[in-house]
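One structure below.
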Amino acid sequence: MRKPSRRTLFLGFSVLLGLLLSGCASNAELDTLKPKGPVSREINTLSNWVFIAGGVVLLTIFVAVIYIAIKFHAGKPDNDEFPEQIHGNSTLEIGWTILPAMIMAVIAVGTLITHFAVNSTEANAMEIQVDGAPQNWEPTVVVVGQQWWWEYRYYLSDNITAADLKGVSAKDLPPADIVTSGQMIVPSGEEIELIITSRDVIHSHWIPALNGKRDAVPGRYSPWKIQADNPGVYFGQCTEFCGLSHARMRMQVVAVDNHDFQVWINNQMRPAAVPAGAEALVAAYRNDESATLPDNASAAARGAEAFISNCTSCHLINGVNDLSYTGANQVSGAAPNLTHLASRTTFAGAVLNLYNADGSLNRDDLSAWLRDPAALKDNASTDPIPRGMPNLGLSENTISDLVAYLSTLGPKPSMQQIHDTQVN
Amino acid sequence: MATAVAPAVLDESHEEHRTATGMSNTKLAMWIFLGSECLLFGGLISSYLLYKTRSNGTAVPTDVFDIPFTSVSSFVLLMSSMTMVLALSALRRGDERLSRVWTITTAMLGGVFIGGQVYEFTTFLREGVGFTTNPASSAFFTLTGFHGAHVAIGITMLMSTFVMSSKGKLHQKQSETLEIVGLYWHFVDVVWIVLFTVVYLVPA
Amino acid sequence: MAIVEKPLSLDAADVVVANRPLGVLTRPKGGNGWRDWLSTVDHKKIGVMYGVTAMFFFVVGGSEALLIRSQLAVPNGRVLSADVYNQVYTMHGLTMIFLFVMPLAAAFANYLIPLQIGARDVAFPRLNALTYWIFLGGAIFLNSTWLVGGGGADCGWFCYSPNSGVIFSPSHGVDFYAIGLIILGIASLVSAVNLITTVINMRAPGMTWFRVPVFTWMMLVTQFLLLFALPVITVALFFLMFDRLFGSQFFNPDTGADPLLWQHLFWIFGHPEVYIVVLPAFGIFSEIIPTFSRKPLFGYSFVVFSGIAIGFMGWGVWAHHMFVSGIGPVSVAAFSLSTMFIAVPTGVKILNWIATMWGGKIWYATPMLFSVGAVTMFTIGGISGVTEALAPVDSQQTDTYYIVAHFHYVMFGGGVMGLLGACYFWWPKVFGHMLNERIGKVHFWLVLIGMNLTFGPMHILGLQGMSRRIDTYSAGFGFALWNAVATIGAFTIAFSLLVFFFNIWKSKKDATHLPKPGPDPWDARSLEWMLQSPTPEHNFDVVPEINGLDEWWHRKYGYDDDGKVIRIATVEEAAQKGDAINPHLPSPSFWPIVVATGLPLIGYGLIFNLWLAVPGGLAVAGGLYAWALEPTDDPDGPHGGHHDDHGDDQPVVVGAESNEES
């Protein structure tokens, strides 16, 4: 190839490099280069330096190759003219063995400093009220992965650690004060320790704006941490291949200020509201007795009845079936806790909006989900032991009753939160 | 398993030829193959060590070991290495009949060891430690089972050389064939010594 | 030159056994029909069969890649269902690694190693045939899961437990994965034993270790990596198979198992595997770049030692695949450091290749274009690899498309482009005609542009946070643009492959009216170019005595008093004529293919019905015994005149000079 081709090659790379840089500037929700907390910022600083160092080395080598390729270009040999036959140069070679080793040594020092900083935790207990009593709470969330959604468990009354859980099956975790899924609510500005595990296969918990990943391994309780500078919503995605709906196993961290966090705790600690007209029915169910709804019961009350007869073999609502609940008929033994479903803004592993952007209930998706979950998100609910929500063959009337009931499991989050957490 | 290939290459070792190292191809190949086998047993033994107490409350192999019994069968296997040496030295001296005697003795000692292993396995199974009981038992049976399979292949190779010799096709000048079978046999014995020490003797 | 014959020492009994009629399995006599290909033990024919099979699976794996890229071309793609997508991406990885790159490298290893070290064949020609047939059987077995196993494996090529368990992957795909890889592993292991023995034992007289061509050196390191890595993955695969088929508890966390056991065993194999894929290409660059720069390789010993260093250090870095698995910060730090420093020997090689070009008279024939392109592409992959070695940075990058970009630059940019260059370089040696240079250059630029379009954007996607192994993504993530570009790139690569096939077809057609390339069309340096093209069936008329590195070049050129290179012999004078009379060759045999047929049968038996394993076991055992009883050389073979029973390992016709060592 003649010179123009080499030049084309060079131009091609320049264009590629330009595109690469411009590409990083786009508005990706999972962007790894836009840290929003001190841990991810620390990682980003390290990665910036190594990208610069790597870029310089790469550029040097490319310039050298292109220069040499052009300068010493001779075409097909048509004679016995040979260049000087050089077999090597020990000094040079030792030099370029030591040089990269020294560059690496410098990078290694920076890496180790960052690595141990990222893996350390600080004692940052905060004052919270639990059932009106003050608690010194070291912010910690137990993160449990299962196909294909995340559960977040808050032990507010005792400062649980990974060591406490050693040997405990993730299918048999101690009861938590608050159990939610898909959205982790955390106080902003605080370091949140995560204890990550799984109930079935390996998953990986990743909120790029706040920190790197940590795998959720069944039988292990891996420590990790996140911290958000400011209140806001930070998107995440399961990043260890976990089967059919791996792509649709997402999550969000919603960081709120300390006041809002306390309000959230207060709301979550309450049992679910029982719709008017269903009180007797629910009370009877809790006592293992039977009762019937009045004829003029509201849709929400009928929905509570439908929940009791269709959903309680998997789902838990505190104040309804918490006395009789023994776990879900699932491989993981778990299904999302629905006590305050409507206080969240997403469902089905954070892939569907519970509220529309205008703040109204997303009745369409919720109904479609109850009609045939697998149509919206692939699952293995027809396996002998299901994985994922099965199609229960609910009638349209039952579906609309259930939607009415589920929408009462609030309180409804703020418009700001609904807006910021919209997924598509 | 690739081990089974070994008898097939035996006939390629009849003669000494010029090689870059002076060692015949077949013998060198066996050494290389045994190097690979080290990693196979290394992987199996490491896995067992990781798993030996993992049972979620059910009985693990260390609970049911009968050390005296296994010591005896280990001794039997160890003795077979000695008879293997005798078989080879007899063939090298040209005493084909004596070599056959020692060869069949080696195979029989190996057979006794396998018999002991079968007895041990069935006893463990009766005592509630089966292949599918827990990770510790799965790792134990797989490790010792793989070793047992190696011994069985070794016995097959020994019997094959015995038959060859009986038919008059294994003479002094082909003693390398027996030597290579012997290499394999000694390796399998050494693996057992490691395995017996690590699995049976080192406390849990 | 004397013709030395080995003494006749075949026992009469052996001859009787060999002549016993065996129906269709009567010992074949050689020739050129299909039966000859089935029974050949010629390392060159076996090499060609490896190559053809590998290219076939390149098309298969490439089609799978196109399906993946079609699915991801736009947000919320629905070309494939999630289930099928998972199967396709798993089989893409398995096919490309185990059925394309490794066997294509094996093709060159088989063909070239005996030629580069001056041997008549490999140490065990029949074992060599056996490894090919086992490989082919394993490849067919692994892919037959599409038809009989209820779909491909859907657990990724890494197949992490417990997601690979029966509960989470109920089809037979993972069973085929486990048994298929065991079978392929047996093939590679036997091949490794054979090739290591060949290189250690069968070097021509005078070929000391520091006169061994770099390609052979790198292949030797590769074979050692295979030798020690394969048993580890075999252990893991047996565990997986036992769990799935016989209910053992290796990977069931509910009974106390640790899922990380699989990861450790897998990556102790899996990381050396990376070097298994890329070291052959390092060897290829080290042959091609000096040839087309008209200079010796700069720093031969540094290149060789850095290859060996990579081989050793490759064992101490496996857990960098597990930085986020939760193995503890101290382990992570240790593996992070070891991984950073493996960049050093790799960097040394790159600089040595560049220094080889410096001051040269560079001829950009297609093989050289591919090699220079591959070195630069590999450099990109190497540097992105360094960023991943930094554990904290990796916690953001791992399991994203950044990793996909990285290893495709290494394996496709470095490995595959290197191997494609090797096809152009050695084509005349294998087939006796050149590949068309003009089309070759079009091919090169299409590959280079295509791969940068495909894998370059994946760096950005990864940094934007696109996870690996997702079958779909939302529009809101901002991944659409670069995925579209990558898909265009993938189809460009596919088109380049069609150009390559067209080149093969056209070059063969044109060969009839073009001048023959002769033994040494590139003015190259190593021994294979001393032989006629295509290589005569018996390789060397007389085994050459080796006096130095780049022996063949030194037979053509010397230095005058001023140290200037002068020609001392023409190619015609220095090359061997390929006219040896009665060259002794190992005889063909049907037993390798019989033995190889048994293994997949045992596999099907384990999965479906144990009775099926009986004929399989009989084929293996019976085949091995028939093989052992069959003398290495057929007394009625086609090269009559004399027969003897020296092993497969010795050429009968050796140069007189070889006697000094015998």
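The values are calculated or read from the model by the stated rules, or taken from the named source; none is laboratory data. This one's a predicted model, so the numbers in the text were calculated from it and none came from an experiment. Cβ atoms come from the backbone with ideal geometry, glycine included; neighbour counts cover every protein chain shown.
Observations on the model:
- Only one of the listed residues (A:420, A:401, A:372, A:383) is among the acidic types (Asp, Glu), out of contact with any Ser or Thr (no Cβ under 6 Å at 6 or more places or on another chain) and under 18 Å from residue A:356 (Cα atoms). That residue is A:420.
- Among the candidates B:87, B:136, residue that is within 21 Å of residue B:167 (Cβ to Cβ), in contact with a Phe, Trp or Tyr (Cβ under 6 Å, 6 or more places away or on another chain) and modelled with pLDDT of 95 or more: B:87
- Of the residues C:486, C:494, C:475, the single one that is at pLDDT 95 or above and touching a Pro at 6+ places or on another chain (Cβ under 8 Å) is C:486.
- Failed criterion for residue A:409 (all others in (1) assigned to a helix (DSSP H, G or I); (2) over 22 Å from the mean Cα position of the chain (by Cα); (3) closer than 24 Å to residue A:278 by Cβ; (4) hydrophobic (A, V, I, L, M, F, W, C) hold): (1)
- The set of residues in the stretch C:617-632 being within 8 Å of chain B (Cβ to nearest Cβ) and either more than 20 Å from residue B:170 (Cβ to Cβ) or in a helix (DSSP H, G or I) (or both) consists of C:620, C:621, C:624, C:625, C:627, C:628, C:629.
- Flag if residue A:106 is over 31 Å from the mean Cα position of the chain (by Cα) and facing chain C (nearest Cβ under 7 Å): no
- Test for residue A:97: is it polar (S, T, N, Q), within 14 Å of chain C (Cβ to nearest Cβ) and under 18 Å from residue A:224 (Cβ atoms): no
- From C:449, C:460, residue being surrounded by fewer than 24 Cβ atoms within 10 Å (Cβ to Cβ), in a helix (DSSP H, G or I) and either β-branched (Val, Ile, Thr) or in contact with an Asp or Glu (Cβ under 6 Å, 6 or more places away or on another chain) (or both): C:449
- Check on residue C:430, touching a residue at least 12 places away in the same chain (Cβ under 8 Å), among the β-branched types (Val, Ile, Thr), over 20 Å from residue C:333 (Cα atoms) and surrounded by fewer than 24 Cβ atoms within 10 Å (Cβ to Cβ): yes
- Residue list for the stretch C:385-405, filter: within 24 Å of the chain's Cα centre (by Cα) and surrounded by fewer than 24 Cβ atoms within 10 Å (Cβ to Cβ): C:385, C:403, C:404
- Count of the stretch C:142-152 residues which are modelled with pLDDT of 95 or more and surrounded by 24 or more Cβ atoms within 10 Å (Cβ to Cβ): 2
- Taking each residue of the stretch A:28-46 that is without any contact (Cβ under 8 Å) to a residue 24 or more places away in the chain and looking for partners that are in a helix (DSSP H, G or I) with beta-carbon atoms closer than 7 Å, six or more apart or interchain, yields A:28/C:477; A:33/A:44; A:33/C:463.
- Hey, residue A:394 among the hydrophobic types (A, V, I, L, M, F, W, C), surrounded by fewer than 23 Cβ atoms within 10 Å (Cβ to Cβ), under 21 Å from the mean Cα position of the chain (by Cα) and under 30 Å from residue C:168 (Cα atoms) or not: no
- Some residue of the stretch A:327-345 being charged (D, E, K, R), outside any helix (DSSP H, G or I) and closer than 27 Å to residue A:362 by Cβ: yes
- Test: residue A:82 is surrounded by fewer than 17 Cβ atoms within 10 Å (Cβ to Cβ), modelled with pLDDT of 90 or more and either assigned to a strand (DSSP E or B) or of a type outside the set (Gly, Ala, Ser) (or both): no
- A single entry from C:156, C:185 fulfils the requirement of being under 19 Å from residue C:100 (Cβ atoms), under 24 Å from the mean Cα position of the chain (by Cα) and within 14 Å of chain A (Cβ to nearest Cβ): C:156.
- Qualifying residue in the stretch C:476-491 (condition: of a type in the set (Ser, Thr, Tyr) and away from chain A (no Cβ under 11 Å)): yes
- Entry remark, the stretch C:131-159: residues being part of a helix (DSSP H, G or I) and farther than 28 Å from residue C:110 by Cβ number 3 in total.
- Answer residue from the stretch A:27-67, given it is of a type outside the set (A, V, I, L, M) and not in a helix (DSSP H, G or I) and is farthest from residue A:224 (Cα to Cα) among those: A:27
- Only a single criterion out of (1) under 23 Å from residue C:605 (Cβ atoms); (2) more than 7 Å from every other protein chain (Cβ to nearest Cβ) is not satisfied by residue C:274, namely (1).
- Of the residues making up the stretch C:192-234, those that are among the β-branched types (Val, Ile, Thr), within 10 Å of another protein chain (Cβ to nearest Cβ) and farther than 18 Å from residue B:21 by Cα are C:232, C:233, C:234.
- Test: residue in the stretch A:239-257 that is more than 14 Å from chain C (Cβ to nearest Cβ), over 30 Å from residue C:400 (Cβ atoms) and not polar (S, T, N, Q): yes
- Within the stretch B:103-144, tally of residues that are under 11 Å from the mean Cα position of the chain (by Cα) and within 14 Å of another protein chain (Cβ to nearest Cβ): 1
- Condition met for residue A:339 (touching a Gly at 6+ places or on another chain (Cβ under 8 Å), modelled with pLDDT of 95 or more and over 14 Å from residue A:272 (Cα atoms)): no
- Residue A:75 fulfils the conditions (1) at the interface with chain C (Cβ under 7 Å from one of its Cβ atoms); (2) at negative phi; (3) surrounded by fewer than 13 Cβ atoms within 10 Å (Cβ to Cβ); (4) not hydrophobic (A, V, I, L, M, F, W, C) except for a single criterion, (2).
- Only one entry in C:603, C:641, C:598, C:623 is modelled with pLDDT under 95 and surrounded by 19 or more Cβ atoms within 10 Å (Cβ to Cβ), namely C:623.
- When the stretch C:353-383 is filtered for residues that are part of a helix (DSSP H, G or I) and at the interface with another protein chain (Cβ under 7 Å from one of its Cβ atoms), the ones remaining, listed by number, are C:354, C:357, C:369, C:372, C:376, C:379, C:380, C:383.
- Test: residue in the stretch A:180-193 that is outside any strand (DSSP E or B), closer than 23 Å to residue C:400 by Cα and either hydrophobic (A, V, I, L, M, F, W, C) or more than 14 Å from chain C (Cβ to nearest Cβ) (or both): yes
- Residues being within 23 Å of the chain's Cα centre (by Cα) and among the aromatic types (Phe, Trp, Tyr) - total across the stretch C:473-504: 2
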